[in-house]
1. Candidates (1) 36, 20, 14; (2) 39, 16, 12; (3) 22, 18, 16; which is the computed semi-axes √(5λ) of the Cα gyration tensor in Å?
2. How big is the dipole moment of the chain about its Cα centre under a simple scheme where the beta carbon of each Lys and Arg is +1, that of each Asp and Glu is -1, and everything else is neutral? Debye, nearest 20, please.
3. Once the Cα atoms of helix 36-62 and of the chain are each reduced to a long axis, what angle between those two axes, in degrees from 0 to 90 to the nearest 10, is obtained?
4. If you plug each phi of segment 131-143 into the Karplus form 6.51 cos²θ - 1.76 cosθ + 1.60 with θ = phi - 60°, what whole-Hz ³J(HN,Hα) values come out, in order, with x for Gly and Pro?
5. Ignoring any ligand, DNA or RNA, what whole percent of the accessible area of the chain comes from carbon and sulfur when the probe is 1.4 angstrom?
6. Give me the percent relative contact order of segment 1-99, please, defined on Cα pairs under 8 angstrom at least 6 residues apart.
7. Can you tell me the dipole magnitude for segment 78-176 around its Cα centre, using point charges on the Cβ only (Lys, Arg +1; Asp, Glu -1), in Debye to the nearest 20?
8. Got a sec? Charge dipole of the chain, +1 on Cβ for Lys and Arg, -1 for Asp and Glu; which of Ala8, Ala61, Leu124 is way out at the positive end?
Amino acid sequence: AERARALALGDGPALRAGGEGLARAALRDDLAARPWLRVLSVARRRGDAAQEQVERETAAALELLPKRDRRRAEREGSEAGRRAGRRARTATLDLALSVCGLWLRDVGCVADGAEDLVHATDRLGALREDAAGRGVHPLREAIAVVDETRAALTMLNATEELALEALASRLGRLLA
């Protein structure tokens, strides 16, 4: 329910469109427009908002502290803000990449003749278009690449833009 809410409200529709757009661009071998930048922009906005929230809370708490404790609290608050921003960016990218992977999964279902298993039933026409003439094995490999990137972003503290660019390149080679 939380994921659905995150994709439905605020900048969620843009995030869903970005994840889907990345998958579709890779399927069409049309990555020159760098569709991952749309996703990255939403992630940065969410990360900045999370960091600013923590910094505001820290600033409010500083007023209540004695002067001798403020410097340490400022430093810890700054670190907490950076961590909160990173967590928000990573969670946003993970959500967008899960949409990308689910799109590829649904394309695979359609290509394999299992349309009843499709999640994005509201986009069945576009899924049929993307599945035309495709085999399921490259799609399965592409889903694995998306999952690897998701893991790298959460576990390895990878550089977001570089990870997304590498993902797009790998998807382009697999699906072209």
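The values are calculated or read from the model by the stated rules, or taken from the named source; none is laboratory data. Keep in mind that what you see is a predicted model, and the values were worked out from it rather than measured. Glycine also receives a Cβ, built like all others from the backbone with ideal geometry; neighbour counts cover every protein chain displayed. With ligands, DNA and RNA removed, areas are computed over all heavy atoms of the protein, side chains included. Shrake-Rupley method; radii C 1.70, N 1.55, O 1.52, S 1.80 Å.
1. Here semi-axes √(5λ) of the Cα gyration tensor in Å agrees with entry (2).
2. Magnitude of the dipole: close to 700 debye.
3. It works out to around 20 degrees.
4. Listing the rounded values in order: 8, 4, x, 9, x, 7, 5, x, 5, 4, 5, 5, 4 Hz.
5. 52 percent
6. Working: 82 pairs, mean separation 34.6, N = 99.
Once normalised by length, the contact order is 35 percent.
7. Values: 13 positive and 15 negative charges, 79 e Å.
In debye, rounded to 20, segment 78-176 gives about 380.
8. It is Ala61.
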